[in-house]
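**Student:** Before I ask anything, here is the structure I am working with.
The values are calculated or read from the model by the stated rules, or taken from the named source; none is laboratory data. Just so we're clear, the structure is a prediction, and the values are computed from it rather than from any experiment. Virtual Cβ from ideal backbone geometry, glycine too; neighbours counted across all protein chains shown. Calculation scope for accessible area: heavy atoms of the full protein, side chains included, ligands and nucleic acids excluded. Shrake-Rupley method; radii C 1.70, N 1.55, O 1.52, S 1.80 Å.
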Amino acid sequence: FHGLHHIIESVGKICPHQTAVTFKNESITYQTLNEKADALAAAILKQTKNRNEIIGLSVDRSLDMIIGLLGILKAGCGYVPLDPNYPKDRLDFILRDAECNLLITQTFLEKSFEGSGQQILCIDAIEVFKDGPVPSFPMVREDDIAYIIYTSGSTGRPKGVPISHKNIINSTAGRLDFY
């Protein structure tokens, strides 16, 4: 596997009707997760310029969070998670610093990002076409960035730490072996 999302896709092919994600009292199957992530990835590809762009992801904790990160990865991009409860100055700084041109959010959070300079795509407004062909997504290399996590930094300014697909796959495999 070169990309983190390939692992999830492979499990989904083996057991498409099994529960993939549960949040509170909502659940979705691997098939539904993949269909929604594919639709989001196709929408992302219409708005990005090249592969492995960094996309902002600011959604409330929900099924949309997992759909969002999976869709971003399928589009050959990396994500930077943004807590919608962070102060606007911090969010704006991270979006600029990570050079995000596109932000994935939810309709009810959209106004929070007006004037931030990014294109905005609302995950809950994406239509899923179940009977259409699966779009062709970019190849992902193991050294491509899967996500950037921002720390507070020793100076008090947030600092981005990029994590590649290879890093997260290896660290996850190590935890699975250990536990």
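**Student:** Note the full-extension length gain between HIS6 and ARG61 as 0.36 nm times their separation in residues minus their Cα-Cα distance, in nm to one decimal. Numbers along the way, then the final one.
**Tutor:** Values: separation 55, 0.36 × 55 = 19.80 nm, distance 2.30 nm.
Answer, rounded to one decimal: 17.5 nm.
**Student:** Grab the eigenvalues of the alpha-carbon gyration tensor for region 47-179, scale each by 5, take roots, and send me the semi-axes largest first in whole angstrom.
**Tutor:** 23, 22, 14
**Student:** Tally Lys/Arg at +1 and Asp/Glu at -1 over every other residue whose Cβ is under 15 Å from the Cβ of LEU40; what's the total?
**Tutor:** -3
**Student:** Moving on to the next point. Determine the share of the chain's accessible area contributed by carbon and sulfur atoms, expressed in whole percent, with a 1.4 angstrom probe.
**Tutor:** The C+S portion of the solvent-accessible surface of the chain is 52 percent.
**Student:** Roughly how many Å² of ILE148 are accessible to a 1.4 Å probe, to the nearest 10?
**Tutor:** 20
**Student:** Give me the one-decimal nm value for the distance between modelled label points at ASP92 and VAL134, 7 Å along each residue's Cα-to-Cβ direction.
**Tutor:** 4.2
**Student:** In the chain, which helices (entire DSSP H runs) extend 18 Å or more along their own long axis, judged by Cα positions, while averaging at least -0.5 on the Kyte-Doolittle scale?
**Tutor:** Helices meeting the criterion: 30-45, 165-178.
**Student:** Shifting gears a bit: Could you state the accessible area per residue of the chain in Å², with a 1.4 Å probe and every protein chain left in place? All intermediate terms of the calculation are to be shown ahead of the outcome.
**Tutor:** Numbers: 10260 Å² over 179 residues.
So the chain comes to 57 Å² accessible per residue, rounded to a whole number.
**Student:** Report relative contact order for region 1-115 in percent, whole number only (criteria: Cα-Cα under 8 Å, sequence separation at least 6).
**Tutor:** 25
**Student:** Which part of region 1-34 falls in the paramagnetic zone of ILE163, meaning amide N under 17 Å from the point 7 Å along Cα-to-beta-carbon?
**Tutor:** Hits in region 1-34 for ILE163 at 17 Å: 2-8.
**Student:** Quick one: check the C-alpha center-to-center distance for region 96-128 versus region 1-68, whole angstrom.
**Tutor:** Region 96-128 and region 1-68 have Cα centres separated by 17 Å.
**Student:** Would you mind computing, in nm to one decimal, how far apart the modelled labels at THR29 and THR151 are, each placed 7 Å from Cα along Cα→Cβ?
**Tutor:** For the pair THR29/THR151, the computed spacing is 4.3 nm.
**Student:** Considering the convex hull of the alpha carbon atoms of region 131-179, report its projected area averaged over all viewing directions, in nm², one decimal.
**Tutor:** Dividing the Cα hull surface by four gives the mean projection, 6.5 nm².
**Student:** So how exposed is SER152, as accessible area in Å² (1.4 Å probe, rounded to 10)?
**Tutor:** Approximately 80 Å² of SER152 is accessible to the 1.4 Å probe.
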